[in-house]
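Read the structure below first, then the notes.
The values are calculated or read from the model by the stated rules, or taken from the named source; none is laboratory data. Since the model is a prediction, treat every value here as computed from it, not as a measurement. When we count neighbours, we look across all protein chains shown, and the Cβ atoms used for this are built from the backbone with ideal geometry, even at glycine. Keep in mind that these areas ignore ligands, DNA and RNA; they rest on the heavy atoms of the full protein, side chains included. Shrake-Rupley method; radii C 1.70, N 1.55, O 1.52, S 1.80 Å.
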Amino acid sequence: MATLLLLRHGRTTANADGGLAGRQPVELDDTGRAQATAVGERLRAVPLAAVVTSPLIRCRQTLELALPQAAPVVEDGLIECDYGSWEGQPLKKLAKEPLWPVVQQHPSAAVFPGGEAMAAMAARAVAAVRSWDARVTAEHGPEAVWLACSHGDVIKAIVADALGVHLDAFQRIVADPASVTAIRFTPLRPFLVRLNDTGGDLAALVPPPVKRRRRANRVADSDAAVGGGAGASR
């Protein structure tokens with residue numbers, strides 16, 4: 001199957017101020033713009049079969065700086081969790097709410113007031129990337145690499161699913177601004193290839209096509225021997 005690169009957007013003004021942005025139209029700050037440009041340099045050697053993005057402006061700004069030649073497709077399934085009345089509030093204030101320990105320790109039971117359940121967020125995000133991965137694989141082959149730009153909690157939920165762990169463990173996963181996480185889905189199980197990468201060689205994630213051709217050659221040689229012919233009597 002294809003290889004998915006999950007890119008978190010660069011740092012925003014809300015990240016810097018310690019607020020919960022949610023679905024508000026917060027934009028990248030100077031640090032976030034520099035992060036987006038830097039990850040673009042790392043992605044330059046990676047041929048991307050498709051680029052999809054959350055509809056929120058911070059993700060679209062990240063891709064405009066990182067991949068200016070790309071034409072990202074908006075995928076609503078990758079949008080940030082709807083935090084309802086929590087959106088725009090300081091995290092220090094939210095940490096005093098009765099729901100906060102639930103979000104941190106038992107997120108599968110968390111439903112934000114006037115917003116979305118974390119379990120619902122995880123389900124639609126996982127469904128979105130699995131659907132896109134199957135589509136990219138069908139159209140471009142199993143050696144294709146594609147990228148999805150999204151948000152911290154969304155990426156953590158997708159990683160938890162790939163690892164086969166319960167959503168209640170997803171707060172143990174880290175996805176920093178402008179980090180890259182790589183997942184390779186297969187018919188049997190997903191493989192987490194890279195997590196929260198902020199400086200590694202991304203070109204190394206591109207599968208080498210020569211290996212598949214060599215396997216095919218070995219099978220052909222073996223089949224010829226079994227099938228008989230001039231070489232079978234030797």
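Here is how the numbers come out for the structure above:
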| quantity | calculated |
| --- | --- |
| Check on ALA123, open to solvent by less than 10 Å² (accessible area, probe 1.4 Å) and over 24 Å from GLU64 (Cβ atoms) | no |
| Helices (runs of 4 or more DSSP H) wholly inside the range 1-116 that include at least 2 residues being open to solvent by 70 Å² or more (accessible area, probe 1.4 Å), farther than 21 Å from ASN196 by Cα and basic (Lys, Arg) | 91-94 |
| Per-region count, the range 136-195, residues open to solvent by 50 Å² or more (accessible area, probe 1.4 Å) and in contact with a strand residue (DSSP E or B) (Cβ under 7 Å, 6 or more places away or on another chain) | 10 |
| Where a residue in the range 93-104 is under 12 Å from GLN171 (Cα atoms) and its partner, wherever it lies, is outside any helix (DSSP H, G or I) and among the aliphatic types (A, V, I, L, M), with Cβ under 8 Å and at least six apart | VAL102/ALA110; VAL103/ALA110 |
| Some residue of the range 160-175 being among the polar types (S, T, N, Q), farther than 17 Å from PHE191 by Cα, modelled with pLDDT of 95 or more and assigned to a strand (DSSP E or B) | no |
| Residue count for the range 48-69, restricted to those that are touching an Asp or Glu at 6+ places or on another chain (Cβ under 9 Å) and among the aliphatic types (A, V, I, L, M) | 6 |
| Test set (1) at pLDDT 95 or above; (2) assigned to a loop (DSSP other than H, G, I, E, B); (3) of a type outside the set (A, V, I, L, M); (4) over 23 Å from LEU65 (Cβ atoms) - SER131 fails condition number | (2) |
| Any hit, the range 32-47, residues being in contact with an Asp or Glu (Cβ under 6 Å, 6 or more places away or on another chain) and either of a type in the set (A, V, I, L, M, F, W, C) or without any contact (Cβ under 8 Å) to a residue 24 or more places away in the chain (or both) | no |
